[in-house]
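The values are calculated or read from the model by the stated rules, or taken from the named source; none is laboratory data. Note that the coordinates shown come from a computational prediction; the quantities given were computed from them, not determined experimentally. Cβ coordinates were reconstructed from backbone atoms using ideal geometry, including for glycine residues, and neighbour counts include every protein chain displayed. Calculation scope for accessible area: heavy atoms of the full protein, side chains included, ligands and nucleic acids excluded. Shrake-Rupley method; radii C 1.70, N 1.55, O 1.52, S 1.80 Å.
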Amino acid sequence: MIILEHISKRFKKLIALDDISAYFEAGNVISLIGPNGCGKTTLIKSILGMVRPDSGKIIVNGCEVNKDYTYRNQIGYMPQIGRFPDNMKLGGLFNMLKYLRGATEADLDLKLYLEFGLDKIIDKPMRTLSGGTRQKVSAAIAFLFKPEILILDEPTASLDPLSSEMLKSRIIKEKNQNKLILISSHILSDLDDLTTHIMYMHEGKQLFFKPLEELQLEAGEQKLSKVIAYIMQKNQEKFHRQAFSHIAINN
């Protein structure tokens, strides 16, 4: 469970987050959607404690972010671009993570690691791996310690179709086990079978946060891409009406 209370963040003149409030419950897949630069990654990094908001409060499973770092042990994070030590071998990377967490084999979830065939390339240095393989490594690490919360930033980018389906199947399984999953993605077709709720962001603002079923009924569409297109067109018309109304009043 994640609670966001009036989160705002500014980078000099850029307003990255503008009074964001939401309640993310376990058992749901929350899709963070919006154009580049809308604030999705800043919001994710704020939840992870990598960015400190200027105002507001973030609570993760009862722990207030920036006051108790141990909450991070409950989160599995897959960044948009995984960065690893160039000369470290893949097997050494996983052994290091296991050592740092003080984990035993019983503590680990190696399903994706094995499904992606990473166990067959443990002697390869990270610098030699393709972008797609690095993405598989990031995904396997996110699930490795059986977290209660998964935060996945553009998870299917660079993945081949088979690997993408493997990952999506795993996400559905985690949702059915009452995990909370946050996904940021521009590939809306990948979210159709996963999403329970949509948060749409624009220029740091939260335009709406609603269950997908409610949005589908409102739009009269099932596909997420068509739902978003309908909602944004409706909002654009609303903004135009407000602008014309403002002009009329001033005149």
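Backbone amide hydrogens, once placed in the peptide plane, bring Ser185 within less than 5 Å of Leu32, Glu154, excluding anything fewer than 5 places away on its chain. Counting Lys and Arg as +1 and Asp and Glu as -1 over every other residue whose Cβ lies under 11 Å from the Cβ of Leu159, the net charge comes to -1.
Per-residue surface analysis assigns His186 an accessible area of about 90 Å², computed on protein heavy atoms at 1.4 Å probe radius. Can you give the charge dipole size of the chain about its Cα centre, rounded to the nearest 20 debye, using +1 on the beta carbon of Lys and Arg and -1 on the beta carbon of Asp and Glu? Result for the chain is approximately 700 debye, rounded to the nearest 20. Accessible area per residue was computed with a 1.4 Å probe on protein heavy atoms; Met88 scores about 50 Å². Ordered by 1.4 Å accessible area with all protein chains kept, Asp19, Asp109 run largest first as Asp19, Asp109. Accessible surface computed residue by residue for the stretch 47-128, with neighbouring protein chains in place and a 1.4 Å probe, gives 61 Å² per residue.
Estimated from helices alone, the mean residue ellipticity of the chain at 222 nm is -11500 deg cm²/dmol (sum of -39500 (n - 2.57) over DSSP H runs with n ≥ 4, per residue). The HN-Hα couplings worked out from phi for the stretch 9-26 by the Karplus form 6.51 cos²θ - 1.76 cosθ + 1.60 (θ = phi - 60°) are 8, 10, 10, 6, 8, 7, 8, 7, 9, 10, 6, 8, 10, 6, 10, 9, 9, 4 Hz, whole numbers, x standing for Gly and Pro. Shape verdict for the stretch 1-84, please, from the Cα gyration tensor: rounded (a/c under 1.5), prolate (a/b greater than b/c) or oblate. Here the stretch 1-84 falls in the rounded category.
In the chain the longest region clear of trypsin sites (Lys or Arg not before Pro) that are loop-assigned by DSSP and have at most 11 other C-beta atoms within 10 Å covers 84-251.
Cross-link pairs exceeding 23 Å in C-alpha to C-alpha distance, out of Lys57/Lys173; Lys111/Lys173; Lys175/Lys234; Lys89/Lys175; Lys13/Lys205; Lys179/Lys205, comprise Lys57/Lys173; Lys175/Lys234; Lys89/Lys175; Lys179/Lys205. Ranked from largest to smallest solvent-accessible area, with a 1.4 Å probe on the protein heavy atoms, Cys38, Cys63 come out as Cys63, Cys38.
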